[in-house]
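The structure appears right after this line, and notes come after that.
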Amino acid sequence: MYLPRGSVYAGAVVSNWCHKMRPSFARTSLKKNQIQTAGFWVIRFIALVTVLPILGMVGYIIAKGTPSFSWEFLTQVPSDGMRSGGILPAIIGTIYLTIGTAIFSVPLGVAAGVYISEYAKDNILTRLIRIAIISLAGVPSVVYGLFGLGLFVLFFQFGTSILAASLTLSIMTLPVIISTTEESLRSVPARFRIVGRSLGATQWQTIWRIILPQALPGIVTGIILGLERAAGETAPIMFTGAAFFLPHLPSSVFSATMALPYHIFVISTQIPGMPVEIQYGTVLVLLIYVLGMNVIATFIRNNARRKRQW
Amino acid sequence: MKSKSEHIISRSIMIAGMSSILFILLIFLFLLKEGTPALMEVPLGDLFSTRWYPIENYFGILPLIGGSLLVTFFSILIALPLGVCTAVYIAEIAPPAIKQVLKPIIEILAGIPSVVLGFIGILVLAPFLRNILNLPTGLTAFTGALLLAFISIPTIVSIAEDALYAVPQSYREAAIALGATQWETIWGVTLPAARTGVLTAVMLGIGRSLGETMAVMMVTGNAPVMPNKIMSFFLPIRTMTATIASEMGEVATSSTHYHVLFFIGIILFFLSLIINVSASWISLRRRSREQLVS
Amino acid sequence: MNQKALIIQNLRVQYQDGLESLRGINLEVEPNAITVFFGPAGGGKSTLLRTINRLVDLEDPKQLEGSILFHGKNILDSKVDVIDLRRKIGVVFSRPIPLPLTIYQNVSFGLEVAGEKNQQKIDQQVEKALRQSTLWEEVYDRLQDPASRLSGGQQQRLCLARVLALEPEIIMLDEPTSALDPVSTAKIEGFLQRAKEEYTIILVPHNVSQAARMADFAAFFLQGELIEYGVGKDFFIKPKDKRTQDYVEGRFG
C-alpha cells in the first residue's frame with residue numbers, strides 16, 4: 001500500500017504528541033476538542049485584530065476626507081500658502097512621475113524579465129543577475145533617494161527634476177517588474193515553445209507571437225502594482241524631484257514638481273494652521289489613486305485567469 | 001541561423017538582463033563615494049559615540065542605529081504573532097467565503113502608502129496613545145513600532161500563507177488519520193513543515209521595517225537619544241532612515257554632515273542587503289531540499 | 001536508383017545527464033513510404049526524431065556526433081539553416097498541442113513566421129492543409145474560434161494541418177494517436193496511407209499492431225541501438241533478430 005513519506009513524519013510527530021497528552025482516551029478526546037475550539041477562537045480574534053484597524057483606517061479617511069472632496073479640489077491650484085484651494089499640481093505631478101517611471105522601467109524591466117526567463121543559461125552570470133535583482137528589491141526607499149540625489153541630481157546635473165525623480169523611481173520599480181515578468185513567462189507551458197520552434201519559428205518569433213501574448217496579463221498586473229508603489233513613495237522623490245511650494249504646473253522634465261505623497265507629508269508635519277479637512281482630502285485622493293490601480297490590476301488578473309486557453 | 005534583426009533584438013534583451021547588475025553596482029559605488037569621506041572627516045570614536053547633534057558637529061550614530069533596532073525589534077514582536085496567526089487562519093481555518101474577503105483586505109494594507117500610515121499615526125494614533133498611556137507626547141518608539149508592525153504584516157502574511165499552502169496535503173491527512181485534531185495538526189505538523197517559509201517571511205518583514213522611512217519619521221518624534229532605558233520605548237526616538245530623510249534637505253553638498261548621512265545610508269544598504277539575500281538563500285535551499293525529498 | 005530521403009550514419013546522441021542516448025545508428029529512410037521506428041520506451045526513437053529536425057538543440061545535448069544526410073548535406077553541421085530544415089521536416093507530437101491561438105492562426109503560424117505576406121496565398125494554404133488532414137469539413141465555418149475548443153482528435157488533425165501548411169518533404173509523427181479514440185486514430189492512419197505518395201513518413205507507432213498495420217519499412221530500436229531494419233510485412237511475420245521477435249510477440253514491452 002502506498003504510504004506517502006510525509007505521513008510517516010507526521011505520524012511520528014503526532015503520536016509523540018498524543019502519547020504525552022493522555023491519561024484516558026475519552027477524556028483526552030473531549031479536552032483536545034475544547035482546546036481546539038478555544039484555540040480557533042483565539043486565532044479568529046487575532047485575525048480580526050489584524051484586519052479591523054485596516055478597515056477602520058480606510059473608513060476613517062473616507063469619512064473625514066469626503067467633505068473636502070469636490071471637483072474644485074481636484075482641479076484647482078492651491079492658494080493661501082497651500083491652506084485652501086485645490087491640489088491640482090500635486091495630482092498632476094504624481095501622474096507625471098507615474099508616467100515617467102513607466103517610460104523607463106517598463107521596457108527595461110520586461111526585457112530583463114524576458115532575458116532571465118527565455119534566454120539566460122544556468123550559469124554564474126545568471127545567478128549574479130538574480131542576486132542583483134534581490135538586492136535591488138531590498139534597498140530601502142530612502143537609500144534610493146540618496147542614490148538618486150548623488151547620481152541624477154548632482155552627478156548628471158539634472159537638478160531637482162521630474163527626470164531625476166522618475167529615473168530614481170524606475171530603478172526602484174525594476175525588481176518588481178522583472179520578477180513578475182519572469183514569473184508570468186515561466187507559467188506559460190514549455191510545450192508551446194517547442195511547437196513554435198518545430199514549425200520553423202526563431203526563438204524571438206516564438207516569444208513574440210506565442211509566449212509573450214499569453215504572459216501579458218500577468219506582466220501588466222505586475223507593472224501596475226510596481227507603478228502603484230512608485231506613486232505612493234515619498235523618500236525617493238524628496239531630494240530628487242519633489243517640491244512643496246510650486247503652485248503652478250511643472251513646465252518641463254527638468255523642473256521640480258509637487259507630488260501627492262510629499263505634499264501629504266509636508267502639510268501634516270510642517271504647516272501650522274493647515275485645515276484638517278484639506279489634509280484628509282489630500283490623503284483620500286492619494287488613496288483612491290493608489291488603490292484604484294490595485295483594483296485595475298486585480299481585475300486584469302482575474303479576467304485573464306478566466307480566459308486562459310491552457 | 002539568425003537574421004540581423006533577430007540578432008539585434010536578442011542582444012538588446014541580454015543587455016537589459018544585465019542592467020540590474022549595473023544598477024546595484026552603481027548604487028553601491030555612489031554610496032561609497034559619498035559616504036566614505038565621513039570616515040575620514042569624523043574620527044571613528046566620535047562617529048560611533050552616542051551624541052547626534054550635527055549643528056555642533058556631534059556625529060555619533062549609535063542613537064540612530066539603536067533607534068532603528070529598537071523600533072524594528074518591537075514591530076516584529078507585534079507583527080510576527082499577528083501575521084503568522086492571520087496566515088494560519090487564512091490558509092488553514094477560514095471558510096472560503098471569509099478567505100475571499102480577508103485576502104483583499106490584506107492586499108489593501110499592502111497598497112497603502114507609508115506616508116498615509118504615518119499621517120494616521122500623527123493625527124489619530126499618537127494623540128490616542130498619549131491619552132491612554134498618559135505620556136508627555138504620543139510620538140514615541142512605541143507608536144513607530146505599532147505602525148511598522150502593520151506595514152510589515154502584509155509581507156509576513158502573504159509569504160507565510162504561501163509557505164503553508166506549499167505543505168503537502170498528505171501531511172495533514174496523515175495526522176488527522178492518526179487521531180490529531182486540526183488544531184494539533186496545524187501547530188504540530190503543518191507549521192513546522194512550513195518553518196523555512198515562515199522564517200523567510202519574518203526576515204523579509206524585518207527588512208521592510210528596517211528600511212521604512214516616512215511612517216517612522218512622522219511618528220517617532222525627533223529625538224536622537226540612545227534607547228537605554230525601558231522607558232525609552234515610550235519616549236521619542238530617531239531611526240537611521242528618519243535621520244536621512246529629515247536632514248538631507250538641509251545639508252550643504254559635500255559637507256561633513258552630508259557625508260555622514262551617506263555613511264548611514266551605507267549601513268542601511270548593507271543591513272538590508274544581508275537580510276534580503278539570506279532570506280532568499282534560505283528559501284532557495286529549502287526548495288532544493290524539498291525536491292530531493294519528494 | 002531512387003534517392004534516399006535520409007541517410008543516417010553513425011549517429012551518437014547523449015544528453016547532459018547521460019539519459020537516453022543513441023549509440024551509433026546507421027539507417028536509410030526510403031522516400032514516399034512509411035518507415036516505422038518502434039520498440040520499447042527508452043529505446044531512442046523520440047531522440048532520433050528530435051535529432052532529425054534539430055529540435056534536440058533546445059535540450060543542449062552533451063554529445064551529437066555522426067551525420068544525417070538530407071539532400072546530400074549533413075544537417076548536423078552547425079552552418080545548416082535549422083529554421084528552414086524544420087519547415088521541410090515537420091513533426092507531430094504524441095499529445096495534441098494546439099497553440100493558444102485560433103484554428104486559422106494555428107495553421108497559418110508556420111507560414112507567417114516564414115515571412116509569407118500574401119494573405120490570399122495564406123488562406124489557400126490553410127484550406128488546403130485542413131482539407132488534407134480531413135479537418136476542413138468540421139471547422140470551415142469557425143476558423144476564428146480558439147483551437148482549444150476542438151476535441152482531442154480534431155486538435156491532433158489540426159497539428160497535422162499545421163505541418164502540412166508548410167509543404168514539408170518529410171513528416172515525422174511521434175505516437176500521434178496515443179491520446180486519441182479509435183475513430184480519430186483511423187482517420188489519421190487513413191491520412192498517412194494516402195499521404196505517402198506525396199511525402200516521406202516516419203512514424204513512431206503507439207503499439208506493435210499499429211506498427212504492423214502501417215509499416216512499409218520498419219526499424220526496431222532497443223536501448224539506443226538499431227537492432228533490425230527491414231521491409232514491413234516480412235518484418236513482423238518473421239523478424240531476423242530474436243530480440244525483435246520477442247518484442248513483436250509481446251514477451252516484453
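If you take the square roots of the eigenvalues of the alpha-carbon gyration tensor of the protein assembly as shown and sort them as a ≥ b ≥ c, do you get rounded (a/c under 1.5), prolate (a/b over b/c) or oblate? Taking the square roots of the gyration eigenvalues as a ≥ b ≥ c, the protein assembly as shown is prolate. What ratio of Cα Rg to 2.2 N^0.38 Å holds for segment A:45-112? With N residues counted in segment A:45-112, Rg over 2.2 N^0.38 Å equals 1.67. Charged neighbours of B:Ser20, selected by a Cβ distance under 14 Å, balance to +1 (K, R count +1; D, E count -1). Among C:Met172, C:Gln124, C:Tyr140, whose Cα lies farthest out toward the positive end of the dipole of segment C:124-203, if unit charges sit on the beta carbon of Lys, Arg (+1) and Asp, Glu (-1)? The Cα lying farthest towards the positive end belongs to C:Tyr140.
Here segment B:170-294 has an Rg and Dmax of 21.7, 70 Å, counting Cα atoms alone. Here the gap between A:Phe245 and A:Thr28, fully extended at 0.36 nm per residue and compared with their Cα-Cα distance, gives a gain of 71.1 nm.
Within the listed set B:Glu56, B:Glu34, B:Glu250, the residue fluctuating most in the Gaussian network model of chain B (springs between alpha-carbon atoms under 10 angstrom) is B:Glu56. Taken about its Cα centre, chain A carries a charge dipole of roughly 2000 debye when the Cβ of each Lys and Arg holds +1 and the Cβ of each Asp and Glu holds -1. What percent antiparallel are the DSSP beta bridges of chain C, to the nearest 5? Counting only bridges with both partners in chain C, antiparallel ones make up about 55 percent. Relative contact order of chain A: 24 percent, from C-alpha pairs under 8 Å at least 6 residues apart in sequence. Between the residues B:Thr256, B:Val225, B:Ile266, the greatest Cα displacement towards the positive end of the dipole of segment B:162-294, with unit charges on the Cβ of Lys, Arg, Asp and Glu, is found for B:Ile266. FRET efficiency for the pair C:Ser148 and C:Ser178, taken as 1/(1 + (r/R0)^6) with r the Cβ-Cβ distance and R0 = 22 Å, rounds to 0.65. Its DSSP H runs of at least 4 residues, each contributing -39,500 (n - 2.57), put the calculated 222 nm mean residue ellipticity of the protein assembly as shown at -19500 deg cm²/dmol, to the nearest 500.
Packing-based ranking of C:117-126, C:181-190 yields C:181-190, C:117-126, ordered from highest to lowest mean Cβ neighbour count within 10 Å. Annotation: peptides C:154-165, A:31-42, C:75-86, ranked by per-residue average of other Cβ atoms within 10 Å with the highest first, follow the order C:154-165, C:75-86, A:31-42.
Relative to the longest principal axis of the Cα atoms of chain C, the long axis of helix C:103-113 makes an angle of roughly 70 degrees. Seen from all directions on average, segment B:36-293 presents a Cα convex hull projection of 16.9 nm². Report note on the peptides B:189-200, B:260-271, C:226-237: ranked by the mean count of other C-beta atoms within 10 Å, highest first, their order is B:260-271, B:189-200, C:226-237.
Comparing segment C:6-248 with the 2.2 N^0.38 Å rule of thumb, its C-alpha radius of gyration ratio is 1.01 (two decimals). Taken residue by residue and averaged, Cβ atoms of other chains lying within 10 Å of the Cβ of A:56-62 number 4.
Arranged from fewest to most other beta-carbon atoms within 10 Å of their beta carbon, A:His248, B:His257 become A:His248, B:His257. Here C:Lys240 is the anchor, and the aspartates and glutamates within straight C-alpha reach of less than 19 Å, apart from those fewer than 8 places off in the same chain, are C:Glu28, C:Asp216, C:Glu225, C:Glu228, C:Glu249.
Label segment B:1-97 by shape, choosing from rounded, prolate and oblate, from the square roots a ≥ b ≥ c of the eigenvalues of the Cα gyration tensor; if a/c is under 1.5 it is rounded, and otherwise prolate applies when a/b is larger than b/c, oblate when it is not.
oblate
Comparing mean-square fluctuations of C:Gly18, C:Gly110, C:Gly42 from a GNM of chain C with C-alpha springs under 10 Å, the top value falls on C:Gly18. Note on B:Arg51/A:Thr269: beta-carbon distance plugged into 1/(1 + (r/R0)^6) with R0 of 35 Å gives a FRET efficiency of 0.90.
Shape analysis of segment A:176-234 yields a ratio of the Cα radius of gyration to the Kirkwood radius, Rg/Rh, of 1.14.
Result for chain A in a Gaussian network model with C-alpha springs under 10 Å: among A:Phe239, A:Phe104, A:Phe155, the largest mean-square fluctuation is at A:Phe155. Net charge of the neighbourhood of B:Val260, taken over other residues with C-beta under 15 Å away and scored Lys/Arg +1, Asp/Glu -1, is -3. Farthest towards the positive end of the charge dipole of segment A:71-307, among the residues A:Ser79, A:Tyr119, A:Gln157, is the Cα of A:Tyr119, using unit charges on the Cβ of Lys, Arg, Asp and Glu.
DSSP bridge analysis restricted to the protein assembly as shown gives an antiparallel fraction near 60%, rounded to the nearest 5.
Average partner chain C-beta neighbours within 10 Å, per residue of B:212-220?
Details: counts 4, 11, 11, 1, 0, 5, 5, 1, 0.
Per residue, the number of nearby Cβ atoms from other chains is 4 on average.
Output the pairs from A:Lys307/C:Lys196; C:Lys45/C:Lys187; B:Lys4/C:Lys121; A:Lys307/C:Lys88; C:Lys45/C:Lys238 with a Cα-Cα distance over 28 Å in this structure; if there are none, say none.
Beyond 28 Å between Cα atoms: A:Lys307/C:Lys196; A:Lys307/C:Lys88.
Summarise the partner chain shielding of B:264-270 as one whole number: the mean count of Cβ atoms from other chains within 10 Å of each residue's Cβ. Don't skip to the answer; put the middle values down first.
Numbers: counts 3, 9, 2, 1, 5, 7, 0.
Mean inter-chain Cβ contacts per residue within 10 Å come to 4.
For chain A, the square roots a ≥ b ≥ c of the C-alpha gyration tensor eigenvalues yield an a/c of 1.5 or more together with a/b not exceeding b/c, which makes the shape oblate. Between C:Asp141 and B:Ala177, the simple label model (points 7 Å from Cα in the Cβ direction) yields a spacing of 5.3 nm. Using every pair of distinct Cα positions in segment C:112-160, the Kirkwood expression returns a hydrodynamic radius of 11.5 angstrom. Within the shell of other residues whose beta carbon sits under 14 angstrom from the beta carbon of C:Ala211, the net charge comes to -4, with Lys and Arg scored +1 and Asp and Glu -1. Summing Cβ point charges (Lys, Arg +1; Asp, Glu -1) relative to the Cα centre of segment B:36-293 gives a dipole of roughly 400 debye.
Every number in this text was worked out from the coordinates using simple rules, so none of it is lab data. Bear in mind that the values here come from a model prediction, so they are computed numbers and not experimental data. Reconstructed Cβ throughout: ideal geometry from the backbone, glycine too, with neighbour counts over all protein chains shown.
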